[in-house]
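Read through the structure below, which is laid out as structure tokens, and then see the notes.
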Amino acid sequence: MSKFPQRIHVGTDFSVASESAVVRALQLARAWSARVTLQHVVAASLWDDVISTAASAAGVDVPAPAAAEAAAADALRRRADEIEADSGLRCEVAVSTGRAPAELARVAKDANADLLVIGAHGAHPARDLVVGTTALKLLRISPCPVLVVKRRPSFEYRSVLAPTDFSTPSRTALRTCVKLLPQATVHIAHAFELPYDGLARHAGVDAETLARYQREARARLDGMLRAFVDEIGVGPGRRALHVAHGYAPRCIEHWVDATGADLVVIAAHGKSEVEATFLGSVSLHTVMAAQCDVLLMRGGAPT
């Protein structure tokens, strides 16, 4: 990635949530002088086959994929023309048929996109519940960072939360955040749990001893976090450091509220879909629970 993304790819299904993603993408494009592509995917899945069969049985016409693509292309072109008339930004458009995550990732890769922007919820929430959200699937397959927009943007990002576990992916995520959002205050945070925390309580270790262990661990991690951030080059004037004892996803929820974060920038550690579903992950929990936008950085993202 160059200093700023040059190509921003934004997926839209014409829902309210995806329009928020379009607006945020345009805001970032103006700030970074980037080009924007609007993409719509005409869904092709077993779920849609069921809908089509039911509609046919009820005597309701369902448009063929080619007709649906043509209608979507017209709607996208109209939206792109509106954007150009309002802001002067020229938007490209792309329409295809398939499964949304795979198609968004494929077209973004073909276009050498630097950032993929999507809304948190699409036009079919029931389908999202059955097959999983587009955001979580893109977490595994996107060729570039994925920005999940959860709020209608009214201003640029001003307060950013960057959780870290001191890993290479989280280092990359923090560097990217600092580079892309030079005006924002960055809250760098680390959550920890002591080894055998639960066993110690069951073994009858008293609360005062546990509290002492936590204080000692927090002091050591405070120093590690400060050294980590200094090495990356986040100046004291635009950073705040946080260390807390507790389950990382819950700590992130607390930090979002406490800092008034507009955005969480988080490194995804590339778990498979099965692992993410049955074992859980910090990234998955954050995408689902955070009340602000979430930027997902894959472990292999460029520095």
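The values are calculated or read from the model by the stated rules, or taken from the named source; none is laboratory data. In this text the structure is predicted, and so the values were computed from the model without any measurement. Here the Cβ positions follow ideal geometry from the backbone for every residue, glycine too, while neighbour counts run over all protein chains shown. Just so you know, the surface numbers come from the protein's heavy atoms only, side chains and all, with ligands and any DNA or RNA stripped out. Shrake-Rupley method; radii C 1.70, N 1.55, O 1.52, S 1.80 Å.
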I'd like the full set of residues that are at pLDDT 95 or above and either over 22 Å from Asp165 (Cα atoms) or among the polar types (S, T, N, Q) (or both), limited to segment 179-228.
Thr185
If you check every pair at least six apart or on different chains, which have Cβ atoms under 9 Å apart with a residue in segment 76-97 that is closer than 16 Å to Ala31 by Cα first and a residue that is open to solvent by 30 Å² or more (accessible area, probe 1.4 Å) and in a strand (DSSP E or B) second?
Leu89/Arg35; Arg90/Arg35; Cys91/Arg35
Identify, by number, the condition in (1) closer than 29 Å to His245 by Cα; (2) at pLDDT 90 or above that Leu139 doesn't meet.
(2)
Scan segment 128-135 and give yes if some residue there is surrounded by 14 or more Cβ atoms within 10 Å (Cβ to Cβ) and at pLDDT 95 or above, otherwise no.
no
When you scan segment 9-24, how many residues do you find that are farther than 17 Å from Arg77 by Cβ and in a helix (DSSP H, G or I)?
6
Failed item in (1) on the phi > 0 side of the Ramachandran plot; (2) of a type outside the set (Phe, Trp, Tyr); (3) at pLDDT below 90, with Gly246 passing the rest
(3)
Residues satisfying the stated conditions in segment 36-74, i.e. at pLDDT 95 or above and more than 15 Å from Ser96 (Cα to Cα)
Val36
Hits in segment 250-267 - residues which are under 17 Å from Val148 (Cα atoms) and open to solvent by less than 30 Å² (accessible area, probe 1.4 Å)
Ile252, Val256, Ala261, Asp262, Leu263, Val264, Val265, Ile266, Ala267
Look at Val264 and say whether it is of a type in the set (Val, Ile, Thr) and in contact (Cβ under 8 Å) with a residue 60 or more places away in the chain.
yes
Output the residues belonging to segment 154-168 that are open to solvent by 20 Å² or more (accessible area, probe 1.4 Å) and either β-branched (Val, Ile, Thr) or under 23 Å from Ala108 (Cα atoms) (or both).
Thr168
Out of the residues in segment 268-292 that are open to solvent by less than 30 Å² (accessible area, probe 1.4 Å) and closer than 21 Å to Phe228 by Cβ, which is modelled with the lowest pLDDT?
Ala268
